[in-house]
Every structure is written in C-alpha cells, then in structure tokens.
Amino acid sequence: MSAYPNARFLKSAHDPGDFCEDFGVEVAFSGRSNSGKSTAINLIVHRRDLARTSKTPGRTQLVNFFELNPGERLVDLPGYGYAKVPPAMRQHWRQLMDAYFGSRASLSGLFIVMDARRPLTETDWQMIEMAAARDCRAHVLLSKCDKLGRNDARETIKRARAELGEAATVQLFSALSKEGVDEARRVLKSMLARQRGAPAVNEPLVQPWEQRG
C-alpha cells in the first residue's frame with residue numbers, strides 16, 4: 001500500500017510565475033530524459049501513472065508539482081541531455097532551473113536519476129551543485145542496475161561513491177527488479193521530514209564494510 005494514497009497532480013509550470021505556492025516541504029526529481037525518472041517516481045510513491053511516462057525521451061518539459069500529503073510535495077523537473085531538444089528549449093531549461101533552485105524555500109531534497117551504465121554528466125553535477133547551494137540534500141539513483149551483472153554493479157556503486165564523495169549519497173535502483181525501491185522510499189521520507197532551514201543529514205545508506213575508501 002502506498003504511503004501517499006491521496007497523492008495528486010497539482011499543476012505544471014512553464015515559467016517561474018506558474019510555480020506552486022512556496023510553503024511546507026518539497027522534494028524534486030531530476031535526470032536525463034532517458035534515465036527512467038518518471039518510472040522511478042511512480043514506483044517510489046507506489047502510485048501508477050502519477051508521473052507521466054513515455055517511450056519518447058524528453059517528454060517532461062515542464063516543472064510538474066504533485067501533492068503527496070498536505071504540505072508535502074514532489075516535483076518532477078524537466079528531463080535534460082536529450083540530443084534532439086532544440087537550443088531554445090535547452091536555454092529555457094537552464095533559466096527555469098536557475099529560477100526554481102533560486103526561489104524555492106520549501107525545497108528539502110533532490111533525487112538525481114541516472115542510468116547506472118552511464119557516467120555522471122556535467123549537467124548531473126550542475127544539479128548537485130544547485131542543491132548544495134541551497135543546503136539541500138542530493139541523492140543519486142543509479143537506475144536500470146538490472147542491466148549490470150553482480151560484479152559490474154558492485155564496481156559501479158564503488159566508483160560512484162568515490163566520485164561523489166560528500167556531495168551526494170548514492171544507491172543502485174531498478175524499476176524492473178525492484179532493487180533499491182525500499183531504500184529510495186526511506187530517503188524520500190527523510191527528505192520530507194526535514195524542516196526548512198534545518199541542516200541536511202546525509203546518513204550512510206550502506207553497511208560499514210561497504211563504505212568507500
């Protein structure tokens with residue numbers, strides 16, 4: 001059963017003036033257009049089709065606001081990195097992200113969804129840096145990890161932890177095998193519980209013997 005049975009779509013914003021009222025707490029999800037971001041949102045929230053999925057990468061071009069509980073929101077940010085997106089749309093994305101991260105006092109956490117088979121991109125790092133500038137916890141989902149063998153998965157998470165350091169926490173995630181879903185739900189719950197202005201808590205997500213270094 002979903003922890004958010006009353007989750008509902010609130011509105012889509014093409015411009016900053018269309019953003020929802022800034023109160024309570026909200027957690028944003030970002031990622032490349034083909035990373036499986038919308039699928040991850042639906043699985044974590046345990047609500048089918050809450051976020052729209054498409055076989056065509058790049059469909060999420062708006063900032064989509066969802067209410068999970070009164071005063072708690074999830075925000076689906078526009079996908080990025082898709083080669084066929086026109087330059088004007090990429091420029092609009094940058095301006096929209098600057099406005100979003102620069103204005104949302106209620107923002108308490110950011111999920112970054114990326115394909116486990118791909119390296120972190122410059123835009124992934126930009127998202128992490130924007131979250132850090134807001135004292136906002138960042139958590140990376142290495143999605144589609146079912147495409148990796150056990151040894152490759154182990155090496156992938158080890159490299160990601162070393163690369164990210166203290167900038168973000170990270171985990172393996174698969175919508176197909178459901179690996180990491182419970183862990184991601186715990187992170188979302190922790191982010192939503194954080195009070196505005198309180199320091200982020202990047203608690204370890206792995207056993208001590210799995211820690212990097």
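The values are calculated or read from the model by the stated rules, or taken from the named source; none is laboratory data. All of these numbers come straight from a predicted model, not from anything done at the bench. Cβ: placed from backbone, ideal geometry, glycine included. Neighbour counts: every protein chain shown.
One table, with the values for the structure above:
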item	result
Residues that are among the small types (Gly, Ala, Ser) and touching a residue at least 60 places away in the same chain (Cβ under 8 Å), drawn from region 115-149	143
In region 105-123, residue nearest to the chain's Cα centre (by Cα) [restricted to those that are hydroxyl-bearing (Ser, Thr, Tyr) and either modelled with pLDDT of 95 or more or more than 16 Å from residue 80 (Cα to Cα) (or both)]	108
Search result, residues across region 168-202 that are at pLDDT 95 or above, of a type in the set (A, V, I, L, M, F, W, C) and out of contact with any Lys or Arg (no Cβ under 7 Å at 6 or more places or on another chain)	168, 172, 173, 181, 184, 187, 188, 192
Residues of region 173-183 satisfying the condition of being in a loop (DSSP other than H, G, I, E, B) and of a type outside the set (Asp, Glu)	173, 174, 175, 176, 177, 178, 180
Hits in region 14-44 - residues which are free of Cβ contacts under 8 Å to residues at least 60 places away in the same chain and not in a loop (DSSP other than H, G, I, E, B)	17, 18, 38, 41, 42
Residue match in region 28-41 (condition: among the charged types (D, E, K, R) and either at pLDDT below 85 or in contact with a helix residue (DSSP H, G or I) (Cβ under 7 Å, 6 or more places away or on another chain) (or both))	no
Residue 213 being modelled with pLDDT under 95, farther than 24 Å from residue 121 by Cα and out of contact with any Cys (no Cβ under 6 Å at 6 or more places or on another chain)	no
Of residues in region 1-13 being touching a residue at least 60 places away in the same chain (Cβ under 8 Å) and assigned to a loop (DSSP other than H, G, I, E, B), the one surrounded by the most Cβ atoms within 10 Å (Cβ to Cβ)	4
Lone unmet requirement of (1) surrounded by fewer than 20 Cβ atoms within 10 Å (Cβ to Cβ); (2) among the aromatic types (Phe, Trp, Tyr); (3) closer than 22 Å to residue 180 by Cα for residue 111	(1)
Residue selected from region 147-172 under the condition assigned to a loop (DSSP other than H, G, I, E, B) and aliphatic (A, V, I, L, M), by the criterion surrounded by the most Cβ atoms within 10 Å (Cβ to Cβ)	168
Residue in region 85-104 that is part of a loop (DSSP other than H, G, I, E, B), within 18 Å of the chain's Cα centre (by Cα) and over 21 Å from residue 23 (Cβ atoms) present	no
Test set (1) at pLDDT below 95; (2) under 21 Å from residue 190 (Cβ atoms); (3) buried (at least 20 other Cβ atoms within 10 Å of the Cβ) - residue 74 fails condition number	(1)
Residue that is modelled with the lowest pLDDT, among those in region 77-96 that are closer than 19 Å to residue 112 by Cβ and of a type in the set (A, V, I, L, M, F, W, C)	85
